[in-house]
Amino acid sequence: MALNDRSLFESLASSAGPVVRVSIPTSVSHNFDAMQRVTKQVLGQLGCEACHSGFDIRYDVLREFIADEKGNLRTPSAR
Amino acid sequence: MPLPVLGVGIIYTPALQPLLEAETDLVSVVEVEPETLWTFTADPAEPYQPDRSALDRLCALPQPKLVHGVGFPVGGSRPPDPLHLPLLVDMIDLLGAPWASEHLAFNRAAGPGGSFATGFLLPPLQSPAGVAAAAASIRSVAAHLPVPFAVETGVNYLQPRAGEMSDGAFVAAVAEAADCGIVLDLHNLWANERNGRQRVEDVLAELPLERVWEVHVAGGSEFRGYWLDAHSGEVPGPLLDLAQRILPELPELRAVVFEITATFLTRLGLDGVRRQLGTLREVWEQRGRSPRLASRRRPAPASTPSEEPDFTPGEWEDGLAARVVGRPSSSAAYDRLADDPGVDVLRQLVWNFRSGVLVETLGLTCRLLLLHGGDPLVRDLFDGFFFSSPPQLFASVEAEAFGAYLERRRPEVPFLEEVLGFERAAIRAVLEGRPQLVPFRFDPASLLEPLARGRLPESPTPGRFEVEVTPEAGANHAVTTGLISSS
């Protein structure tokens, strides 16, 4: 399956079966956890970045977030 | 008309909203970085659009506002994109800013493939030709603004070069030639001194201190033996001492602004911000009390030793940018910078900055990649993307470019199509202001919720699903989702 949204969409649409609308309580796409929610509210997500000339730690913060208490990433093998 | 005296303030981020609304005695002025509230559109006539809901919240704050640009610096030989000026003027008018400022730096260059962004504010060529280029760039912006314009003294991680103008002499000459104000960033100057450049006291001795309307202070951090202007916490004690000595010498000082990035704001906390601002208010009370040094300093410009290098300001910008971004260049400056250890520092900072943007904009996608392949996979993908594509000024454009890169490279990561498609659709929904449909081959909740908790999805429920991602009115970059499924 291609990564292209449209080709995937068209492929699915051509298959058989009824389509049923389902509502879910999740109201915000990035609202699945506290870390993501806070970050999205604090930073200008899509515009220019705020000014600083230092070390950007956001990738490190992400790595820390998904590491367990032993420092291992939460991959299946680490569980 | 004299500029108003504003007092002690802070750079705006939404997380500060409770403090700004409730404690007007503590925060006297709010400085707004306008481009952080803009998005980039596909409309060539009006490529920049403001976040109206964010602007409404800003306007409702009781404090006076200042406008401090971060996207269109004025220190280089190429004037910034004039298409940003109408929106900048609109924001100055809307916020009632009594003056505006930008950085004495550059963030665009040219190479074999055309113009590209540097992904970082870089130091201009400190030569007489560099002075003329920066002054022309400043005037090209200032002429369109309804208020006075100032430039910020920048951080510079490069070693001093033989024959270049000193940091103080360069800023002084630019400010005089452009007839503009100065935002004296004390943390930048302090970092420069710690990293081997001119002493702060010597810089100040060369500056026209009566042009300093505003002072910036911040915290920083160590990295590979360099002190970085990271805006990462409290103002260091020695820098506070420096501010206490310097503020009395600034006869036209109107504001002192504390800078901290949103990432580190969560670590310092609002109580930490309160303490910091309280300390700065005590320093503020010392302002302009002994401007004797302002009158006795000011060496004649002719006393500054400097010589023109054998490359132009534009060639300097192209060579430095190529070094930092990792692109080819035929500029003579490119070769001269080969041995400067500051270039490697800048290169690493750009890498981290770009990775931070992607983690921010495509958070679930990056989690999936990290959980599936670990740090080696993510670094390999980031390296490949950064090598193939120069930085972008706007985070949404950088995210879309990375999405397209993943689409081409097709790493074998389960569920990547769905997760990446979902996040790209969310960005498009915000930018285009209309709903986006995303197909899923699994129950979206069973894919996305584990990722949000930092876990790989396990046995997600298969089926035919579509997620409708809709921009949410009044919420900053928020979207709502609804599901259409057949299972």
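Derivation of every value follows stated rules applied to the coordinates shown; laboratory data play no part. These numbers were taken from a predicted model, which means no experiment stands behind them. Cβ coordinates were reconstructed from backbone atoms using ideal geometry, including for glycine residues, and neighbour counts include every protein chain displayed.
Details
- Paramagnetic label reach from B:D310 (point 7 Å along Cα→Cβ; backbone nitrogen cut-off under 20 Å): within segment B:330-355, residues B:330-340.
- Helix B:395-409 vs. chain B, principal-axis angle (Cα, 0 to 90°, nearest 10): 50 degrees
- Computed extension length for B:C59-B:A129: 21.1 nm, one decimal, from 0.36 nm per residue of separation with the Cα-Cα distance subtracted.
- Calculated mean residue ellipticity, 222 nm, chain B: -13500 deg cm²/dmol, from DSSP H runs (n ≥ 4) at -39500 (n - 2.57) each, averaged per residue and rounded to 500.
- When only Cα pairs below 8 angstrom with a gap of at least 6 residues are kept, segment B:362-486 shows a relative contact order of 23 percent.
- Mean Cα-pair separation over length for segment B:173-299, i.e. relative contact order, pairs under 8 Å, 6 or more apart, %: 27 percent
- B:S459/B:L377 FRET efficiency (R0 22 Å; Cβ-Cβ; nearest 0.05): 0.50
- Spatial separation of Cα centroids for segment B:376-445 and segment B:15-88, in angstrom: 27 Å
- A full extension of the chain between B:L83 and B:E282 corresponds to an added length of 67.5 nm, given 0.36 nm per residue minus the alpha carbon distance.
- Cα shape, segment B:7-303, gyration tensor, a/c 1.5 rule: rounded
- The 3J(HN,Hα) values that the Karplus relation (6.51, -1.76, 1.60; θ = phi - 60°) gives for segment B:157-162 are, in residue order, 8, 7, 6, x, 9, 4 Hz. Gly and Pro appear as x.
- Estimated at 0.36 nm per residue, the fully extended path between B:A162 and B:R245 surpasses their Cα-Cα distance by 26.8 nm.
- Between helix B:313-325 and chain B: long-axis angle, C-alpha atoms, 0 to 90°, nearest 10: 40 degrees
- Summary value for segment B:164-210: 54 percent relative contact order, contacts being C-alpha pairs under 8 angstrom separated by 6+ residues.
- Label-point separation in nm, B:S290 to B:A143, each point 7 Å along Cα→Cβ: 4.4 nm
- Helix B:341-361 vs. chain B, principal-axis angle (Cα, 0 to 90°, nearest 10): 40 degrees
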